[in-house]
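Visitor: Would you mind keeping the following structure in view while I ask a few things?
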Amino acid sequence: MSIDLLAALPSDLPAVELRALMPAGFAAGAVTAGIKASGRPDLALIRTTGGPASAAAVFTTNQVVAAPVEASRTNLAITRPEGRGDGTAHFGRAEAIVATSGCANAATGLAGLADQAAIAQAAAVHLGVDPLGVLSLSTGVIGTRLPVDKVAVGIVNLAASGLASTDAGLLAAAEALRTTDSTTKVASATVTLSAQDGTPVAVTVSGIAKGVGMIHPRMATMLAVVLTDAAVSPETLHGLLRGATVRTWNQLSVDGDTSTNDTVLLLASGDSPAAPDLPDSREAAALGGAIEAVARSLARQQAADGEGATTLVTCGVSGARDAIDARAVARAVVASSLVKAAVHGRDPNWGRIAGAAGNARLGEVRLLEMAGLSHADACARAGAPAFVDPERLRIAIAGHLVYDGPTGGPVTFDRAAVRTAMDAPEVLVRLDLGLGGGSGEAFGCDLSEQYVIENAEYTT
């Protein structure tokens, strides 16, 4: 096998622009409400301009669930088309999203739920929408309650004159999501679909996200909002989001901690005449590719901006027995503290990578079901080790082969050259397991002294 096969995994996803491109059918804006002591923007609103939109979501698997997550799950369940889905399928209709930054409103009990309900009611009144169509996002310190009066005043001000159906409006919302993020995270893709009469139509998919700490792959590990003007049912939209999440946000790890507030919301306004409404159609697959491309870009931006990070770590795995094994190995590598520290020190210590790969285990049942396994197969494989054979394993770091199982294992390589190649904004770790056709990737970052300093002082 040539080392050329250990280059980055190929992708057929559409191109992504790193900008906030507002899809038709939405308006957004942000304001400083006074949640953050810094005085930076901390309240964002996104609303539909033509009535309820199809909505889908994935949420944290943490058992300490924040009030905004509970509120959003409830509203989606109430607005879900009758007889569709189950308790794990989060989709329905939505008309507005309220996002607050600086306070997680998590572990605040019934009072926190009441605060969240009051804020959603204020949004419903001043935006003229159904309160059941309001979805919520919050991020910040756990155990603190939202200043409801301040947030309500901010909603009034935004509803009066602060929402715009422009790229600038969406960018303002993205900036207001930030807490410890050092950059604003946006991504957009355009895909051509067909209207019902066969006419080609350009459809926009655009996303914003925050999250650079308390991130580990167990469902939707941060906050994100993805918007599209496609006309698609809530159930189909949910299927597309689940698939994209499995391959992108579920493959993102910064520090091994899953948050109480993790949420991804996907809304489709239906303002475009394109209607990819059949789950297995070419149109739905094309829309799903655009959603995944945006999600992948946002996940990579989040990993690159990990708290204290200097380097994006991408791990690509090929030759696995199947994609589920491949993704498990890739996750184990980017989540390893030893691998992360080695990358920070520009140390091509391939033994840490091999050890992490050998430790890889598959996720829990519901995550495997998200990946497409039947319930029976998911139960049988949940928590099982991913299969790795050291005699077939090959490892490359930053484009240099460092381990070749089929020829005896360790290979002679120019350590200084690899160290130099690792001194870059992104380090690619590439594994081939030599066992089958499964492939997958994961995204992480190095572990620096600054991460410890930042998190040691987070609440003070």
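The values are calculated or read from the model by the stated rules, or taken from the named source; none is laboratory data. Worth saying up front: this structure is predicted, and the values here are computed from it rather than measured. Using ideal geometry, Cβ is built from the backbone for each residue, glycine included, and neighbour counts are taken over all protein chains shown. With ligands, DNA and RNA removed, areas are computed over all heavy atoms of the protein, side chains included. Shrake-Rupley method; radii C 1.70, N 1.55, O 1.52, S 1.80 Å.
Visitor: Among the numbered conditions (1) touching a residue at least 60 places away in the same chain (Cβ under 8 Å); (2) farther than 19 Å from Val246 by Cβ, tell me where Ala335 comes up short.
Guide: The one condition Ala335 does not meet is (2).
Visitor: Still on this structure, I have one more. Name the single residue, out of those in region 304-321 being among the polar types (S, T, N, Q) and under 18 Å from His400 (Cβ atoms), that is farthest from the chain's Cα centre (by Cα).
Guide: Taking region 304-321 first, the residues among the polar types (S, T, N, Q) are 310-311, 314, 318.
Those still in the list that are under 18 Å from His400 (Cβ atoms) too: 311, 314, 318.
Numbers: Thr311: 19, Thr314: 15, Ser318: 22 Å.
Checking each candidate, the answer is Ser318.
Visitor: Here's a follow-up. Take Ala111 and decide whether it is among the aliphatic types (A, V, I, L, M), surrounded by 19 or more Cβ atoms within 10 Å (Cβ to Cβ) and either in contact (Cβ under 8 Å) with a residue 12 or more places away in the chain or touching a Lys or Arg at 6+ places or on another chain (Cβ under 6 Å) (or both).
Guide: When the stated conditions are applied, Ala111 does not pass them.
Visitor: Looking at this structure, is Asp280 more than 21 Å from Thr48 (Cα to Cα) and open to solvent by less than 10 Å² (accessible area, probe 1.4 Å)?
Guide: It is false that Asp280 is more than 21 Å from Thr48 (Cα to Cα) and open to solvent by less than 10 Å² (accessible area, probe 1.4 Å).
Visitor: Here are some residues: Ala209, Ala173, Ala224. Which one is among the small types (Gly, Ala, Ser), buried (at least 22 other Cβ atoms within 10 Å of the Cβ) and farther than 19 Å from Arg300 by Cβ?
Guide: Ala173
Visitor: Here are the criteria: (1) surrounded by fewer than 24 Cβ atoms within 10 Å (Cβ to Cβ); (2) out of contact with any Asp or Glu (no Cβ under 9 Å at 6 or more places or on another chain); (3) at pLDDT 90 or above. Tell me which single one Thr260 does not satisfy.
Guide: Among (1) surrounded by fewer than 24 Cβ atoms within 10 Å (Cβ to Cβ); (2) out of contact with any Asp or Glu (no Cβ under 9 Å at 6 or more places or on another chain); (3) at pLDDT 90 or above, Thr260 violates only (3).
Yes or no, residue by residue, for (1) at pLDDT 95 or above; (2) open to solvent by less than 30 Å² (accessible area, probe 1.4 Å); (3) more than 21 Å from Leu362 (Cβ to Cβ):
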| position | (1), (2), (3) |
| --- | --- |
| Gly243 | no, yes, no |
| Val246 | no, yes, no |
| Leu267 | yes, yes, yes |
| Pro276 | no, yes, yes |
| Ile291 | yes, yes, yes |
| Gly306 | no, yes, yes |
| Ala309 | no, yes, yes |
| Gly316 | yes, yes, no |
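Visitor: For region 17-42, name all the residues that are aliphatic (A, V, I, L, M), under 18 Å from the mean Cα position of the chain (by Cα) and open to solvent by 50 Å² or more (accessible area, probe 1.4 Å).
Guide: Of everything in region 17-42, just one residue is aliphatic (A, V, I, L, M), under 18 Å from the mean Cα position of the chain (by Cα) and open to solvent by 50 Å² or more (accessible area, probe 1.4 Å), namely Leu18.
Visitor: Considering only region 88-102, state which residues are open to solvent by less than 10 Å² (accessible area, probe 1.4 Å) and of a type in the set (Ser, Thr, Tyr).
Guide: Residues satisfying the conditions are Thr100, Ser101.
Visitor: How many residues, within region 335-347, are surrounded by 24 or more Cβ atoms within 10 Å (Cβ to Cβ) and outside any helix (DSSP H, G or I)?
Guide: So the count comes out to 1.
Visitor: Being of a type in the set (A, V, I, L, M), at negative phi and assigned to a helix (DSSP H, G or I) narrows it down to one of Ala332, Ala309, so name that one.
Guide: Ala332
Visitor: Hey, among Gly440, Gly372, which residue is at pLDDT below 95 and closer than 23 Å to Asp12 by Cα?
Guide: After applying the criteria, what remains is Gly372.
Conditions (1) in contact (Cβ under 8 Å) with a residue 12 or more places away in the chain; (2) touching a Leu at 6+ places or on another chain (Cβ under 7 Å); (3) not in a loop (DSSP other than H, G, I, E, B), marked per residue:
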position	(1), (2), (3)
Ala15	yes, no, no
Met22	yes, yes, no
Gly29	yes, yes, yes
Gly34	yes, no, no
Gly50	yes, no, no
Thr61	yes, no, no
Ser72	yes, yes, yes
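Visitor: Taking the conditions exactly as written (over 18 Å from Glu441 (Cβ atoms) and under 23 Å from the mean Cα position of the chain (by Cα)), does Leu265 satisfy them or not?
Guide: Answer is yes for this residue.
Visitor: What pairs can you find where one residue is in region 231-248 and under 13 Å from Arg93 (Cβ atoms), the other is hydroxyl-bearing (Ser, Thr, Tyr) and open to solvent by less than 10 Å² (accessible area, probe 1.4 Å), and their Cβ atoms are less than 7 Å apart, with a gap of 6+ or different chains?
Guide: Val232/Ser54; Ser233/Ser54; Pro234/Ser54; Leu237/Ser54
Visitor: Considering each of Gly256, Gly213, Gly207, Gly243 in turn, give the residue that is at positive phi and of a type outside the set (A, V, I, L, M).
Guide: After applying the criteria, what remains is Gly256.
Visitor: When region 421-460 is examined, which residues are found to be out of contact with any strand residue (DSSP E or B) (no Cβ under 8 Å at 6 or more places or on another chain) and either touching a residue at least 60 places away in the same chain (Cβ under 8 Å) or surrounded by 13 or more Cβ atoms within 10 Å (Cβ to Cβ) (or both)?
Guide: Of everything in region 421-460, those that are out of contact with any strand residue (DSSP E or B) (no Cβ under 8 Å at 6 or more places or on another chain) and either touching a residue at least 60 places away in the same chain (Cβ under 8 Å) or surrounded by 13 or more Cβ atoms within 10 Å (Cβ to Cβ) (or both) turn out to be Asp423, Ala424, Leu447, Ser448, Glu449, Gln450, Tyr451, Val452, Ile453, Glu454, Asn455.
Residue-wise test of (1) open to solvent by 40 Å² or more (accessible area, probe 1.4 Å); (2) in contact (Cβ under 8 Å) with a residue 60 or more places away in the chain.
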| position | (1), (2) |
| --- | --- |
| Ala357 | no, yes |
| Ala360 | no, no |
| Gly363 | no, yes |
| Arg366 | yes, yes |
| Ala378 | no, no |
| Gly383 | no, no |
| Val388 | no, no |
| Arg392 | yes, yes |
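Visitor: Turning to a different aspect of this structure: Quick check on Ala122: is it small (Gly, Ala, Ser) and either surrounded by fewer than 19 Cβ atoms within 10 Å (Cβ to Cβ) or in contact with a strand residue (DSSP E or B) (Cβ under 8 Å, 6 or more places away or on another chain) (or both)?
Guide: Working: small (Gly, Ala, Ser): yes; either surrounded by fewer than 19 Cβ atoms within 10 Å (Cβ to Cβ) or in contact with a strand residue (DSSP E or B) (Cβ under 8 Å, 6 or more places away or on another chain) (or both): no.
Against the criterion (small (Gly, Ala, Ser) and either surrounded by fewer than 19 Cβ atoms within 10 Å (Cβ to Cβ) or in contact with a strand residue (DSSP E or B) (Cβ under 8 Å, 6 or more places away or on another chain) (or both)), Ala122 does not qualify.
Visitor: Right, something else. Among the residues of region 136-143, is there at least one that is out of contact with any His (no Cβ under 9 Å at 6 or more places or on another chain), of a type in the set (Val, Ile, Thr), at pLDDT 95 or above and crowded, with 16+ Cβ neighbours inside 10 Å? Give the derivation first.
Guide: Just the residues of region 136-143 that are out of contact with any His (no Cβ under 9 Å at 6 or more places or on another chain), to begin with: 136-143.
If we keep only those that are of a type in the set (Val, Ile, Thr) as well, we get 139, 141-142.
Now narrow it down to the ones that are at pLDDT 95 or above: none.
Among the residues of region 136-143, not one is out of contact with any His (no Cβ under 9 Å at 6 or more places or on another chain), of a type in the set (Val, Ile, Thr), at pLDDT 95 or above and crowded, with 16+ Cβ neighbours inside 10 Å, which makes the answer no.
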